[in-house]
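Written below as structure tokens is the structure these notes are about.
The values are calculated or read from the model by the stated rules, or taken from the named source; none is laboratory data. Note that the structure is a prediction, hence the values are computed from the model and not measured. Note: ideal-geometry Cβ built from the backbone for every residue, glycine included; neighbour counts use all protein chains shown. Just so you know, the surface numbers come from the protein's heavy atoms only, side chains and all, with ligands and any DNA or RNA stripped out. Shrake-Rupley method; radii C 1.70, N 1.55, O 1.52, S 1.80 Å.
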Number of protein chains: 2
Amino acid sequence: MTGSDAQNLARSATKVRTLADLAKIAGVSPGTVSRALAGNSLVNAKTREKIEAIAREHGFRPNQMASKLRRQKTGVIGVAIPLGHDVRQQISDTFFMTLLGHLADELTEKGYDLMLRRVIPAQDEDWLDRFIGSGMVDGVIVIGQSDQFERIDDVADGYLPMVVWGNHQEGQRHCVVGSDNRLGGKLAAERLIASGAKRLAFLGDTQPIEFAARYAGAKEVAKKLGVSIRALPTHLAPDRTGEEIAAHLGKIEGEIDGIFAATDTIAVTCLKELRDRSIAIPSQLKVVGFDDLPISSQTAPPLTTVRQDIAAGAKGLVDLLLRRLNGEDTESLVLPPHLIVRETA
Amino acid sequence: MTGSDAQNLARSATKVRTLADLAKIAGVSPGTVSRALAGNSLVNAKTREKIEAIAREHGFRPNQMASKLRRQKTGVIGVAIPLGHDVRQQISDTFFMTLLGHLADELTEKGYDLMLRRVIPAQDEDWLDRFIGSGMVDGVIVIGQSDQFERIDDVADGYLPMVVWGNHQEGQRHCVVGSDNRLGGKLAAERLIASGAKRLAFLGDTQPIEFAARYAGAKEVAKKLGVSIRALPTHLAPDRTGEEIAAHLGKIEGEIDGIFAATDTIAVTCLKELRDRSIAIPSQLKVVGFDDLPISSQTAPPLTTVRQDIAAGAKGLVDLLLRRLNGEDTESLVLPPHLIVRETA
DNA sequence: TTTACTGTTGCAATCGATTGCAATCGGACT
DNA sequence: AGTCCGATTGCAATCGATTGCAACAGTAAA
């Protein structure tokens, strides 16, 4: 590889770091180099080729920071994950992480980079303003409203390019993409009741508004159909969930015959606890989850659950954000959840 | 809230966007404002307070891009996830996503931001150089070597601040943090054999070097103990894994009595397929996984597996990277995996 | 030969914060 | 009163790419 060696030598000999360096070698002005590399301007084809060749040879890449400063845009979208209720929640929450993966795909495809920031609002009042005002991002996607609904709503008034994954409330001011949690809750309760359950329980934290909406939907159906329902507070921190569920089950065993879990993660843990207690599913107790994670089809027995379309959600978030970056004031997007019937209810 | 209103009015009336704007209001020079806000310089206490007050009142934040340009550092660490073998692999790979979560925590704690980029090397030869040369990041963490070992190794020669999650090879040039996959493979095989298995199979793709090392470790033990072992190629794409495993099982049912799955994700799917075929675990067939994901303790039966310490891995990655940012040429870090005995072997 | 025009290129200002160096001021000391 | 010192502050260059405008060359038309 003599050619390659020579090239490497040349590369290290004359270090080309700036447009100006390259311009000197090419015998043109920095401006011309800039235009040539940008490709879109009116540069002579031959000049452009020559400049491109030199750039390639020296492995030159224009400094992004200078470029971004000058052009007043970063090409970066900030993705914030506020950890409000359970600090350790989302670390292992497959749902959020999968959403993040899809977001990364969508943004990459549209030519944006993704800056990830996990924030703990309790320790940092100012997280959203800081993120937005940092000048590092052109727009922001917030994954999960957590307990920050008010703050997000306030910021939304003065900052257009922000889209939030979460629940849609009547009269809210920020643009949100998310499933119809209330409807999902209804679907779950309907299924449980249709399977014969008469004393329901909701397993999960009812503080976050997404979960509150799921519970509310289930309650509405239960009420209409004359069935009881109660909430059993359960956290999402992976090391606590198991014990909490066990405690609940110990206390109320026999008092309920249908469980609506706030997420599949909780449902899966619940299934295991029930298995350990040799409670037959679904004959003795019915279970419905929420999310339809990949694991959910592989539990024993396979989990009946309410599916959220994560890919569509990510696409929606990015799509709306890009439109907002163009100045459009978009409406929220509410996605319909779907009941996936398997064997637990 | 009249005070607040007045403040808002003032805020919108005189828009303070730059140091210079603020300097004019404060009646000092931009340089002084810069120093005052940076906090670390020799600015008169009273001046500083006044400047800080004005900044707070107007919600002023210095432009990061300008700052980064001038200081020649970004405070951003790039995290790249190359998708080499299965493009859709990591989207749902809990392990990588959890690692990412921990990385975000660690980096945040150290005052760095995290820029996430998912790359498909097959479509983008130049991904690593582009990321590094973009001028957007001070350093890079690569999650998974995928099939990019050579490329990463090449880049490592000329670029210090890079750390990679993956497998450590004899004589490699890039700094890596990862589990001792070979040892993990040994532990798994030993356990299977100790449980009575005599005809082993490795379930997974043997191309990625992490998996190859796991398989190699298992093979070594099998050979030493006079036990057979074969590889059953299985992809990680969630929608294909199931079928592939089913096909394998259909073909070789009865010919094997011990399965070492390359990851817990595969093991969980495998468990389900075995359940569907009413194969008794562990009496008829023993299974050992790799990773010890949260789900793994909740399968039926609970999965015996080899644990990787994700949190320690993330800490190691960040720690080594920061030292490299200080110019130190660090050694690789190999973490010992641990066998977690549950009920599948 | 002059005028007009088109296609390229160079010049220089600009984005906004940082920082080395020089200037200034008040006070202390001789 | 004159000199010196330390604490602050201002000045101006700098980071590197972008871009409006002017300048230029070359060609075609008059």
Problem - Hits in the range B:138-187 (condition: assigned to a strand (DSSP E or B) and within 28 Å of B:Ala231 (Cα to Cα)) - result: B:Val142, B:Ile143, B:Val164, B:Trp165, B:Val176, B:Val177, B:Gly178, B:Ser179
Practice task
Answer yes or no: is there a residue in the range A:67-85 that is within 30 Å of A:Ala314 (Cα to Cα), at pLDDT below 90, out of contact with any Gly (no Cβ under 9 Å at 6 or more places or on another chain) and more than 14 Å from DNA strand C (Cβ to nearest atom).
Solution key: yes
Exercise for the section: Take A:Ser296 and decide whether it is in a helix (DSSP H, G or I) and among the polar types (S, T, N, Q). Expected result: yes
Problem - Given (1) within 11 Å of DNA strand D (Cβ to nearest atom); (2) open to solvent by 50 Å² or more (accessible area, probe 1.4 Å); (3) modelled with pLDDT of 90 or more, number of the condition A:Leu42 does not satisfy - result: (3)
Exercise for the section: Tell me, yes or no, whether the range B:205-216 has at least one residue that is basic (Lys, Arg) and within 21 Å of B:Ile340 (Cβ to Cβ). Expected result: yes
Completion exercise
All conditions in (1) surrounded by fewer than 19 Cβ atoms within 10 Å (Cβ to Cβ); (2) in contact with an Asp or Glu (Cβ under 9 Å, 6 or more places away or on another chain); (3) within 15 Å of B:Cys175 (Cα to Cα) are true of B:Pro336 except (3)
Exercise for the section: Being at pLDDT below 85 and of a type in the set (Gly, Ala, Ser) is the filter here, so list the residues in the range B:247-275 that pass it. Expected result: B:Gly250, B:Gly254
Handout entry: Members of the range A:18-41 that are more than 10 Å from DNA strand C (Cβ to nearest atom) and farther than 21 Å from B:Ser134 by Cβ
Key = A:Lys24, A:Ile25
Problem - Where A:Gly135 falls short, out of the listed (1) touching a strand residue (DSSP E or B) at 6+ places or on another chain (Cβ under 6 Å); (2) part of a loop (DSSP other than H, G, I, E, B) - result: (1)
Problem - The listed residue being more than 15 Å from the chain's Cα centre (by Cα), touching a residue at least 40 places away in the same chain (Cβ under 8 Å) and assigned to a helix (DSSP H, G or I), out of A:Glu57, A:Glu52 - result: A:Glu57
Exercise for the section: Report yes if B:Phe95 is within 14 Å of chain A (Cβ to nearest Cβ), away from DNA strand C (no atom under 16 Å from the Cβ) and more than 30 Å from B:Gln72 (Cβ to Cβ), otherwise no. Expected result: yes
Exercise for the section: Among the residues of the range A:112-146, write down those that are more than 12 Å from every other protein chain (Cβ to nearest Cβ) and surrounded by fewer than 16 Cβ atoms within 10 Å (Cβ to Cβ). Expected result: A:Ala122, A:Glu125
